[in-house]
Number of protein chains: 2
Amino acid sequence: MIRAPMATEKVEIPKDIAREEMLHRMRHSCAHLMAQAVQALFPETHLTIGPPIEDGFYYDFDSPHHFTPEDLEKIETKMLEIAKGNHSFTCTWHSKEEAKMFFAARGEKYKLEILDGITDEKVSYYHHDTFIDLCEGPHVDSTQKLQYFKLLKIAGSYWRGDEKRERLQRIYGTVWSSQKELDDYLQRLEEAKKRDHRELGKRLNLFSIQPEMAGPGIIYWHPKGAQIRETIENFLRETLKKEGYLFVYTPHIARLDLWKTSGHWDYYQENMFPPIEIENQPFILKPMNCPGHILIYKDQLHSYRDLPIRLAEFGTVYRYERSGVMHGLLRVRGFTQDDAHIFCRMDQLQEECANVLKLTLHILQTFGFRDYDIKLSTRPEKFSGALENWELAESALKKALTSLNLPYEIDPGEGVLYGPKIDLKIRDCLNREWQCSTVQVDFNLPQKFDVTYRNSEGKESHCVMVHRALLGSLERFIGILIEHHAGLFPLWLSPIQATILTITEGQNEYAQEIRKSLLKENLRVAWDERTEKIGLKIREASMNKIPYLLIVGEKEKKEGTITVRKQDGSNLGAMTCDSLSALLRKEIESRGQNPI
Amino acid sequence: MIRAPMATEKVEIPKDIAREEMLHRMRHSCAHLMAQAVQALFPETHLTIGPPIEDGFYYDFDSPHHFTPEDLEKIETKMLEIAKGNHSFTCTWHSKEEAKMFFAARGEKYKLEILDGITDEKVSYYHHDTFIDLCEGPHVDSTQKLQYFKLLKIAGSYWRGDEKRERLQRIYGTVWSSQKELDDYLQRLEEAKKRDHRELGKRLNLFSIQPEMAGPGIIYWHPKGAQIRETIENFLRETLKKEGYLFVYTPHIARLDLWKTSGHWDYYQENMFPPIEIENQPFILKPMNCPGHILIYKDQLHSYRDLPIRLAEFGTVYRYERSGVMHGLLRVRGFTQDDAHIFCRMDQLQEECANVLKLTLHILQTFGFRDYDIKLSTRPEKFSGALENWELAESALKKALTSLNLPYEIDPGEGVLYGPKIDLKIRDCLNREWQCSTVQVDFNLPQKFDVTYRNSEGKESHCVMVHRALLGSLERFIGILIEHHAGLFPLWLSPIQATILTITEGQNEYAQEIRKSLLKENLRVAWDERTEKIGLKIREASMNKIPYLLIVGEKEKKEGTITVRKQDGSNLGAMTCDSLSALLRKEIESRGQNPI
């Protein structure tokens, strides 16, 4: 017997509710709406969970019916029909026992498993029209608010995200406050799809992932992608060296004991690959570069006069991710950090952090990112290190931010166990935010590894460590760059900066001469020497996102010039090899800060 | 009862015996001589094995007595006494059963174990004076030939090289034909000791190995060592790119299946680290870069016009070595190959091999190595691929060697399963040979992975692959460089090229100015700004093998000059910052080919 719900509470929406909070509620409510429509059309479908996510929502269904894109249209029509009914969202409270009976009677076994995991005595349902879901809310007041939605795609998933559990079907959707907002979003999606780094990476032959042969989430950098990575590494290395960083190389494996000393084995094990046994000793594929840099620091004695010591590395680390969550270059199992660790005295901390921030901005701006979102995370409830040091470190970070006039938000209590940190997000041309740079103060590892310097009184004193990565992961950053530039990189980053397109074989010798003289100027120049029509050559070079097309026919050969076009089709006319070279060099040296 | 030996055969030495063969016999005989002396002095000592080795011999003893350096002198005296007795070496043959009884009676349990492993019916003893050893020979005719020897050191070892078996004591010695030869050798040893890259690496702060914390055989490159490696990588990258190589990056792990397809799992497993289980899939730390490069090649379609494709990588590989055999940078568990794989057509093979050899010589000469020992290894009895291709490949390699006028020896049947190869050894300043470069033709992997191109008739055809490494392992090559140069690198490789030594604080500002202007010229310049006496600063900089010492006092400051000394103490007098910079740049650009 199913009891009638307890006293019902209509959803009241506060007047001053923020736009973001409102969208969040709409997305959550729309997930319920979709679930109702799905069960109405496919009654054998079981519900699992359906949360709001960034820009939309999803619901994971267990259904004997295999959903198709055509089904999505039917579901949308049904959803709209229900939404127009102007049904209120209401909330009721029930004992857990009662809820178990209720969902058992409906055959909703996943809800029962969820209930088993809830420790509270009472649970809430949300109702609208005939639909009831076990849910904490919050929701909108009425289904009428849910008019501007769109179902986007069907994907496979697993119950509890566990490959060993039931396979589910996930339907993604989005909902907005107006038709215009919805249209804008769908257009952004369309634009993002065109910029998808996985598609572009394949089409431009930049990298590959070979899940069957080699495994998921590890990147094979093809020559053109490797050239981009090399250019970035060279630029960073040159810039960092000028700032007093010293580069090191550390190995990819080390004894498990090292990771026990560092504490990673206790706190980070689920992200680490399992040990490899060698002569009865377990070894670990490195998930972090810090312990290696500490070993290098500790191999020598240091006086207070030697500090700060800034050790940098393009360190490739390996971290376990479930095979289901990997995503192109953005989420992988192996990646290369532009990592560095600064060993300094407490009195040097502020200046070091300010320098790191300044360097970060310089580097991000060089890559064309000028919009940031900066957060300072302060002392959490559980922390290691002396309170006094935390206060000094937080104040050092604040002063560093202020000295550079950087606006920031404080995330109270969100610092890591071992120290406060600054996180910086960049915004790409589609207005998406990406967490890249991080600056973290650390009192913990210097204690664990006894990382010291001899102070001015001749006593051993613990260093402060600063962990910092500016781009974060090179793989991920290049993924972002591909999408940001839609594959058309600024000249200094372009793997091929220009290509010579000969009209007939008659210009082969002249083309070779030009190529040689441009290569001498360290320009990356290709030559399409096929006997194809020039129109085709131009189209292909343009498709391949080569910034400059150098067209060479009989006329150019006679006059000793090159006709120069840009990738977008604009024509710069004829010029000599020398002026072209000067033009390109200037654009490269400006690193896109002053594009022609 | 011990039976008298069977018919004795005196050792006869052929008249035309080569010097090397004679030294080999002397070393083997001297091991017996030492064993006799040891058992005479320490009767409870048991014998294991005592082979001749390069430049000398050793014997592994199981003795309750703990040998000390003082013992070595006593043993030497005893050996000389026996040697002067002019005892003949003789050989007798015995049945295995008889030998077992003989050595059992003497309590020589290790000899019994050796006998257990022998499948022949008869075994030989070698006798001299009162000493008898189970031995295959050959030996010298008389102990009188063993006058110019020296015992060198005591080391720990294990029976059968197995850490789980009995711990033994190994005594090393050397023996030569004359006092002069012995003296020369001991001096070379002394010189090699001074050049030991492990000592210099530590003293010059180039790298460390941290067996306790991180594990044996993996290298931590400190800033100065990392700078050397970076300079080498940059030089190679620049040079290879000009030769049409394309650089890639491949990950350090891949599924075991990849190594099954390549055949490494079947034929190379004992050198590989054991698998890591991830989501029930075994993954392997890469011992080779070839399969990764093949995956990149195969990710695209290729026409006969696209070949050759030359993929290069500084690829860090991990190979299992027993912890006992590791040696500084020379024998390690993780190292970085200057690896490349050329995918080409059969008709391109000769030119490609000739180009690789030309490049190899250019690069080795740049590093100062001009003496080579080249071997061409031809088809072994067991081989894969068509006979016709083997003949073409061997002829291509021969023609490539001949076209460059390179003298070489043929090692018949010593090619690898999958193709013929050329190995090149370099000779260092102590006349030691080091195997570095290798060029291997491969018909096998292209078959296993179905690596093809579309030929001119539009059909898929298998590529030929050339595996080539010029320096081999960067770690090992840098180890050799350290010993070859005794830590004083040519200027272009020096991690610190010059250091400014100020006489008093009065020149600090001037020193900073000089440093800034030299750094701008991309020179690696340090500054010793301590308030120490100039004599001490000069001594320390010289000890630290910094090529140029820039001394700056009041006089220099007033005159706008620098007093320049070289590391060896030679004085180049006063010069302006500009002329110094020009001098250094010229020496760097010549890469030591025309040292000043």
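The values are calculated or read from the model by the stated rules, or taken from the named source; none is laboratory data. Given the structure is predicted, the values throughout are model-derived calculations rather than measurements. Cβ: placed from backbone, ideal geometry, glycine included. Neighbour counts: every protein chain shown.
Annotations
- Of all residues in the range A:505-560, those satisfying the criterion of being over 20 Å from A:Lys224 (Cα atoms), surrounded by fewer than 19 Cβ atoms within 10 Å (Cβ to Cβ) and small (Gly, Ala, Ser) are A:Gly506, A:Ser517, A:Gly535, A:Gly553, A:Gly560.
- Filter result for A:Lys164 (outside any strand (DSSP E or B), modelled with pLDDT of 95 or more, within 14 Å of chain B (Cβ to nearest Cβ) and out of contact with any helix residue (DSSP H, G or I) (no Cβ under 8 Å at 6 or more places or on another chain)): no
- When B:Leu200, B:Leu258 are checked against the criterion of being more than 22 Å from A:Gly315 (Cα to Cα), part of a helix (DSSP H, G or I), more than 7 Å from chain A (Cβ to nearest Cβ) and at pLDDT 95 or above, a single residue qualifies: B:Leu200.
- Among the residues of the range A:175-187, those that are within 16 Å of A:Leu80 (Cβ to Cβ) and either under 21 Å from the mean Cα position of the chain (by Cα) or not hydroxyl-bearing (Ser, Thr, Tyr) (or both) comprise A:Val175, A:Trp176, A:Gln179, A:Leu182.
- Per the conditions (1) within 31 Å of the chain's Cα centre (by Cα); (2) modelled with pLDDT of 95 or more; (3) closer than 24 Å to B:Thr378 by Cα, the sole criterion not satisfied by B:Val451 is (1).
- Test: residue in the range B:291-306 that is touching an Asp or Glu at 6+ places or on another chain (Cβ under 6 Å) and modelled with pLDDT of 95 or more: no
- Some residue of the range A:352-372 being exposed (fewer than 15 other Cβ atoms within 10 Å of the Cβ) and acidic (Asp, Glu): yes
- Those residues of the range B:542-596 which are within 20 Å of B:Lys520 (Cα to Cα), in contact with a Lys or Arg (Cβ under 9 Å, 6 or more places away or on another chain) and in a loop (DSSP other than H, G, I, E, B), in sequence order: B:Pro547, B:Thr561
- Test for B:Glu212: is it more than 22 Å from the chain's Cα centre (by Cα) and either more than 9 Å from chain A (Cβ to nearest Cβ) or at pLDDT below 95 (or both): yes
- Looking only at the range A:378-403, residues that are among the polar types (S, T, N, Q) and under 28 Å from A:His484 (Cα atoms) come to 0 in all.
- Test result for A:Met101, in a helix (DSSP H, G or I) and closer than 24 Å to A:Leu189 by Cα: no
- Checked against (1) modelled with pLDDT of 95 or more; (2) buried (at least 17 other Cβ atoms within 10 Å of the Cβ), A:Glu81 passes all but a single condition, namely (2).
- Within the range A:479-505, tally of residues that are in a helix (DSSP H, G or I) and in contact with a helix residue (DSSP H, G or I) (Cβ under 6 Å, 6 or more places away or on another chain): 3
- Among the residues of the range B:266-292, those that are among the charged types (D, E, K, R) and either in a helix (DSSP H, G or I) or farther than 25 Å from B:Val451 by Cβ (or both) comprise B:Asp266, B:Glu270, B:Glu277, B:Glu279.
- Among the residues of the range A:315-336, those identified as more than 12 Å from chain B (Cβ to nearest Cβ) and in a loop (DSSP other than H, G, I, E, B) are A:Gly328, A:Leu329, A:Leu330.
- The single condition from (1) out of contact with any Pro (no Cβ under 9 Å at 6 or more places or on another chain); (2) surrounded by fewer than 19 Cβ atoms within 10 Å (Cβ to Cβ); (3) assigned to a strand (DSSP E or B) that B:Glu233 fails is (3).
- The range B:278-309: number of residues that are over 23 Å from B:Asp442 (Cβ atoms) and surrounded by 14 or more Cβ atoms within 10 Å (Cβ to Cβ): 4
- As a summary of the residue check, A:Asp339 satisfies the conditions (1) farther than 29 Å from A:Gly201 by Cα; (2) surrounded by 23 or more Cβ atoms within 10 Å (Cβ to Cβ); (3) away from chain B (no Cβ under 13 Å) except for the one numbered (1).
- The lone exception for A:Cys429 - which of (1) on the phi < 0 side of the Ramachandran plot; (2) of a type outside the set (D, E, K, R); (3) surrounded by 23 or more Cβ atoms within 10 Å (Cβ to Cβ) it fails: (3)
- Residue match in the range B:365-388 (condition: among the polar types (S, T, N, Q), closer than 30 Å to B:Asp266 by Cβ, touching a helix residue (DSSP H, G or I) at 6+ places or on another chain (Cβ under 8 Å) and in contact (Cβ under 8 Å) with a residue 40 or more places away in the chain): yes
- Tally, over the range A:216-233, of residues that are farther than 16 Å from A:Leu330 by Cα and within 9 Å of chain B (Cβ to nearest Cβ): 6
- First in the range B:264-279 and within 14 Å of another protein chain (Cβ to nearest Cβ), second anywhere and in a loop (DSSP other than H, G, I, E, B) and aliphatic (A, V, I, L, M), Cβ under 7 Å, 6 or more apart: B:His264/B:Met272; B:His264/B:Met288
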